[in-house]
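**Student:** Can you keep this structure in mind? I'll have questions shortly.
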Amino acid sequence: MQYIEPIFRPPSEALSLILQVTNGCSWNNCTFCEMYTQPQKKFSLKPQKEIEADLAGIASAGYPVRRIFLADGDAMTLSTRRLQQILEAIRHYLPDVQRVSSYCLPRNLRKKTADELEALRELGLTLFYVGCESGDDLVLERVSKGENFESSLSALQKIKAAGSKSSVMILNGMGGQKYSEQHALNSAKLMNAAQPEFLSTLVLSFPDGMQRYQEGFRGEFEPLNQQGLFQEMHWLLDNLDLQKTVFRSDHASNYLVLKGTLGRDKAALLQQVESALNNPEHAHLREEWQRGL
Ligand SMILES: C[S@@+](CC[C@H](N)C(=O)[O-])C[C@H]1O[C@@H](n2cnc3c(N)ncnc32)[C@H](O)[C@@H]1O
Ligand code: SF4
């Protein structure tokens, strides 16, 4: 495979073939995200011929491929027609593939109809990882996400209407101390309205320093300490009213690993967070050196 590195994928795509159909992220403005800021990651589309050559190479090597993740940061920026061509090529070269997934910014779906998404689903594209990050408009504006509660909800509803699934990412600690509670409450409100199939939380991390992030907050960003992160998680979980959502807080950035299905496991998950708040030394937390992005 020809990759322009680095490549990122959700933890649950660890066993999938990563098919790079775009390079970088067409938005690339979120102040917390350094993933595609290196010069070689400037946004570009990969020509169909090169994608097909990658697929042909994998097919002739005889690797068993069941799942494919379309990289990079917002492959869904491609037109429906281009996505159809890619999915048809996957069917042609790798007929055993059962699931294709992609990151998806809400704005990637603005011009796509539910019928178009349904056509893509029929060609195998069934799961979208949507970085909502927060349901709070002020926090989203401070981090230059370029989305808000309504745009996020409308994309998640479109995905559901097409019969596809969404996996939402929310960032623990994103509002700092000042906006922690409203970030948690409005994120819960967004999830309750959208009822995604999967929800995961990551802890906001600053591998390259906080300067860019702090500028968006006009200097008023005070990061949460571990206890603050757990308190925010408690607010989030307590306010979630989900019918059947697989919840995962197991990404390497988290101190406290949480896994369950909501609503069924809400009380048990809240109890785990309360233990971490009251007895952190007995809560099996990840050490700093075990964490990463
Ligand atoms: C590679 S990005 C692609 C997501 C996609 N472009 C979107 O916005 O929906 C995947 C996710 O990584 C997470 N992420 C990025 N930078 C992060 C940071 N500094 N700390 C924690 N999580 C981060 C965000 O949740 C983001 O949605
Ligand atoms: S979080 Fe997503 S939309 Fe924002 S810059 Fe990173 S990849 Fe692009």
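**Student:** Output the number of the condition that LEU125 fails; it satisfies all remaining conditions of (1) over 30 Å from TRP235 (Cβ atoms); (2) touching a Lys or Arg at 6+ places or on another chain (Cβ under 8 Å).
**Tutor:** Going through the list (1) over 30 Å from TRP235 (Cβ atoms); (2) touching a Lys or Arg at 6+ places or on another chain (Cβ under 8 Å), LEU125 breaks only (2).
**Student:** Can we say LEU204 is crowded, with 17+ Cβ neighbours inside 10 Å and under 29 Å from SER154 (Cα atoms)?
**Tutor:** Yes, satisfied.
**Student:** What is the residue count in the stretch 81-105 for residues that are touching a residue at least 12 places away in the same chain (Cβ under 8 Å) and not in a helix (DSSP H, G or I)?
**Tutor:** Summing the residues that are touching a residue at least 12 places away in the same chain (Cβ under 8 Å) and not in a helix (DSSP H, G or I) in the stretch 81-105 gives 11.
**Student:** Could you please tell me which pairs satisfy a Cβ distance under 6 Å, a separation of 6+ or placement on different chains, a first residue in the stretch 196-211 that is among the β-branched types (Val, Ile, Thr), and a second residue that is modelled with pLDDT of 95 or more and more than 16 Å from ligand 2 (Cβ to nearest atom)?
**Tutor:** none
**Student:** Please specify each residue of the stretch 173-197 satisfying the condition of being crowded, with 19+ Cβ neighbours inside 10 Å and outside any loop (DSSP other than H, G, I, E, B).
**Tutor:** GLY176, TYR179, SER180, HIS183, ALA184, ASN186, SER187, ALA188, LEU190, MET191, ALA194
**Student:** Moving on to the next point. Tell me whether the stretch 33-46 contains one or more residues that are within 12 Å of ligand 2 (Cβ to nearest atom), part of a loop (DSSP other than H, G, I, E, B), of a type in the set (A, V, I, L, M) and modelled with pLDDT under 95.
**Tutor:** Yes - at least one qualifying residue is present in the stretch 33-46.
**Student:** Would you say VAL130 is in a helix (DSSP H, G or I), closer than 21 Å to ALA194 by Cα, among the β-branched types (Val, Ile, Thr) and within 16 Å of ligand 2 (Cβ to nearest atom)?
**Tutor:** In short, no.
**Student:** If the Cβ limit is 9 Å and pairs must be 6+ apart or interchain, which residue in the stretch 129-153 that is over 17 Å from LEU202 (Cβ atoms) and touching a residue at least 60 places away in the same chain (Cβ under 8 Å) pairs with which residue that is aliphatic (A, V, I, L, M) and within 12 Å of ligand 2 (Cβ to nearest atom)?
**Tutor:** ARG142/MET174; GLY146/LEU105; GLY146/LEU140
**Student:** Something else: Quick check on my filter: what residues within the stretch 258-272 are at pLDDT 95 or above and assigned to a helix (DSSP H, G or I)?
**Tutor:** Within the stretch 258-272, LYS266, ALA267, ALA268, LEU269, LEU270, GLN271 meet the criteria.
**Student:** Any idea which residue in the stretch 68-80 is farthest from THR126 (Cα to Cα), counting only those that are within 16 Å of ligand 2 (Cβ to nearest atom) and part of a helix (DSSP H, G or I)?
**Tutor:** THR77
**Student:** I've got another one for you. Can you tell me which residues in the stretch 212-223 are more than 15 Å from GLU133 (Cβ to Cβ), within 14 Å of ligand 1 (Cβ to nearest atom) and touching a residue at least 24 places away in the same chain (Cβ under 8 Å)?
**Tutor:** ARG212, PRO223
**Student:** Can I ask one more? Can you tell me which residues in the stretch 21-63 are surrounded by 19 or more Cβ atoms within 10 Å (Cβ to Cβ) and farther than 16 Å from VAL97 by Cβ?
**Tutor:** THR22, ASN23, GLY24, CYS25, SER26, TRP27, CYS30, PHE32, CYS33, TYR36, LYS41, LYS46
**Student:** Determine which single condition LEU277 fails, assuming it passes every other condition in (1) surrounded by 15 or more Cβ atoms within 10 Å (Cβ to Cβ); (2) within 21 Å of the chain's Cα centre (by Cα).
**Tutor:** Only one criterion is unmet by LEU277, namely (2).
**Student:** I would also like to ask the following. Determine if the stretch 184-199 includes at least one residue that is under 25 Å from ALA252 (Cα atoms) and within 16 Å of ligand 2 (Cβ to nearest atom).
**Tutor:** Yes: one or more hits.
Results for (1) of a type outside the set (Val, Ile, Thr); (2) part of a loop (DSSP other than H, G, I, E, B); (3) touching a residue at least 24 places away in the same chain (Cβ under 8 Å); (4) within 14 Å of ligand 2 (Cβ to nearest atom), shown as yes or no for each residue.
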site	(1), (2), (3), (4)
PRO6	yes, yes, yes, yes
ARG9	yes, yes, yes, yes
TRP27	yes, yes, yes, yes
LYS49	yes, no, no, no
ALA56	yes, no, yes, no
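The values are calculated or read from the model by the stated rules, or taken from the named source; none is laboratory data. Since the structure is predicted, the reported quantities are computational estimates derived from the model, not experimental observations. Heads up, the Cβs are rebuilt from the backbone with ideal geometry, glycines too, and the neighbour counts pull from every protein chain shown.
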